[in-house]
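Here's the structure we're looking at; comments come further down.
Read-outs: derived from the displayed coordinates by stated rules, not from any lab. Nothing here was measured: the structure is a model prediction, and the numbers come from that model. Here the Cβ positions follow ideal geometry from the backbone for every residue, glycine too, while neighbour counts run over all protein chains shown.
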Amino acid sequence: LKNIFLDFLPLLIFLKGKYFELIEDYNEAIRCYEKALSIDENNVGALDAKGWSLHNLKKYQEAIECYDRVISIDENDVNAWNNKGTAYQHLDDHVKALECFEEALKINGDNIESLNYKSVELSKLGRYEESEKVIMKIISIDKFNRIAWINLYICHLMLGDITKAFECSLITIMF
C-alpha cells in the first residue's frame, strides 16, 4: 500500500497545484509543481504547469525555461511549443514566437491554436499575405472559427481591401 501511495504522490501534488492554479494562486501552484518535480524531475505535466503559472505571473523568461525543459524531454509536445511562443509574444519577440508556432505546426500541421498564433505573428511582422494564407487554412478546417475570421478582417484592412474586410466583419457577427 505504501508503494502505491508513493507512486501516486507526484500526481496528487500536481493536482493540488492545478487547484491553486484554478483559484489563481500561482505562487502556491508553483510550490506544488516544484515539490512534484523534486520527486520526478522529468514530470512533463508539472514542468508545463509550472511554466504556465510563471507565465500568469508575467515571469515569461522563467516560463520559457520550463517549456524548454519540457521540449528537451518531449520535442513533440505541441502545447509546450505554443506556450513558449506565447511567452515570446509577451516579450515582444515576434520572430522567436513565430519560430515556436512553426515548430508546433511541424508536429501537427492542422493544429488550429498553432495556426491562429502563427497568423497573428505574421501580421505583427507585417507579413499580411502570408498570414492570410494561414488563416484560409484555418477556415478550411473550421469555417466557424471566429478568431480566424477576425484575423482575416484585420489582414484585409491592413492590405487596404476594405470590401473584403467588411465581408469578414459581417461573417464574424453571424458567429
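How would you order 135-142, 48-55 from highest to lowest mean count of nearby Cβ atoms within 10 Å? Don't skip to the answer; put the middle values down first.
On the way: 135-142: 17.2, 48-55: 24.5.
Highest-to-lowest ranking by the protection proxy: 48-55, 135-142.
Taking the highest mean first, how do the peptides 166-172, 153-159 order by number of other beta carbon atoms within 10 angstrom per residue? Intermediate results must be reported in sequence, preceding the final value.
Values: 166-172: 15.3, 153-159: 18.6.
Going from most to least packed, we get 153-159, 166-172.
Given charges of +1 on the Cβ of Lys and Arg and -1 on the Cβ of Asp and Glu, with all other atoms neutral, how large is the dipole of the chain about its Cα centre, in debye to the nearest 20? Could the numbers behind the result be given before it?
Details: 20 positive and 29 negative charges, 69 e Å.
Here the size comes out at about 340 debye.
I'd like the orientation of helix 60-73 relative to the chain: the angle between its Cα long axis and the longest Cα principal axis, in ° from 0 to 90, rounded to 10.
With both axes taken from Cα atoms, the answer is about 70 degrees.
Taking a cut-off of 30 Å between Cα atoms, list the lysines near LYS164, but don't count ones fewer than 8 places away on the same chain.
Result set, ordered by chain and number: LYS118, LYS124, LYS133, LYS137, LYS143.
For the stretch 19-27, in order, what is each residue's ³J(HN,Hα) by Karplus, 6.51 cos²θ - 1.76 cosθ + 1.60 with θ = phi - 60°, in whole Hz (x at glycine and Pro)?
Values per residue, Gly and Pro as x: 4, 5, 5, 4, 8, 6, 9, 5, 5 Hz.
Each residue of the stretch 33-41 in turn: what ³J(HN,Hα) in whole Hz from Karplus with 6.51, -1.76, 1.60 and θ = phi - 60°, glycine and Pro shown as x?
Couplings: 5, 5, 5, 4, 6, 5, 7, 9, 5 Hz.
Could you please tell me the mean projected area of the C-alpha convex hull for the stretch 53-117, averaged over all directions and given in square nanometres to one decimal?
3.8 nm²
Below 8 Å between Cα atoms, with a sequence gap of 6+, how large is the relative contact order for the chain in percent?
On the way: 218 pairs, mean separation 18.4, N = 175.
Computed over the chain, the figure is 11 percent.
Note down the magnitude of the dipole of the stretch 91-175 about its Cα centre, charges +1 on Lys and Arg C-beta and -1 on Asp and Glu C-beta and zero elsewhere, to the nearest 20 debye.
Numbers: 10 positive and 14 negative charges, 44 e Å.
The dipole magnitude comes to about 200 debye.
Gain in length, LEU170 to TYR19, computed as 0.36 nm per residue apart minus the alpha-carbon separation, to one decimal in nm? Display every interim value, and only then the final one.
Working: separation 151, 0.36 × 151 = 54.36 nm, distance 4.01 nm.
Extending this stretch completely gives an extra 50.3 nm.
Taking the Cα centre of the stretch 103-152 as the origin, how large is its charge dipole in debye, to the nearest 20, when only Lys and Arg (+1) and Asp and Glu (-1) carry charge on their Cβ atoms?
On the way: 8 positive and 8 negative charges, 15 e Å.
Magnitude of the dipole: close to 80 debye.
Using only Cα atoms, what is the ratio of the radius of gyration of the stretch 99-175 to 2.2 N^0.38 Å? Don't skip to the end; give the middle numbers.
On the way: Rg = 11.9 Å, N = 77, 2.2 N^0.38 = 11.5 Å.
Taking the Cα Rg and dividing by 2.2 N^0.38 Å, one obtains 1.04.
Working from Cα positions, state the angle (0 to 90°, nearest 10) between the long axis of helix 44-56 and the longest principal axis of the chain.
Approximately 60 degrees, to the nearest 10.
With Cα extents along the principal axes in Å in mind, check (1) 107, 45, 22; (2) 67, 31, 27; (3) 80, 35, 27 and report the label derived from this structure.
(2)
Once you sort the root eigenvalues of the Cα gyration tensor of the stretch 1-95 as a ≥ b ≥ c, which label holds: rounded (a/c under 1.5), prolate (a/b larger than b/c) or oblate (the other case)?
Details: a/c = 2.92, a/b = 1.65, b/c = 1.78.
Oblate is the answer for the stretch 1-95, as a/c is 1.5 or above yet b/c matches or exceeds a/b.
Quick one: angle between helix 94-107 and the longest Cα principal axis of the chain, in degrees between 0 and 90, rounded to 10, please.
80 degrees
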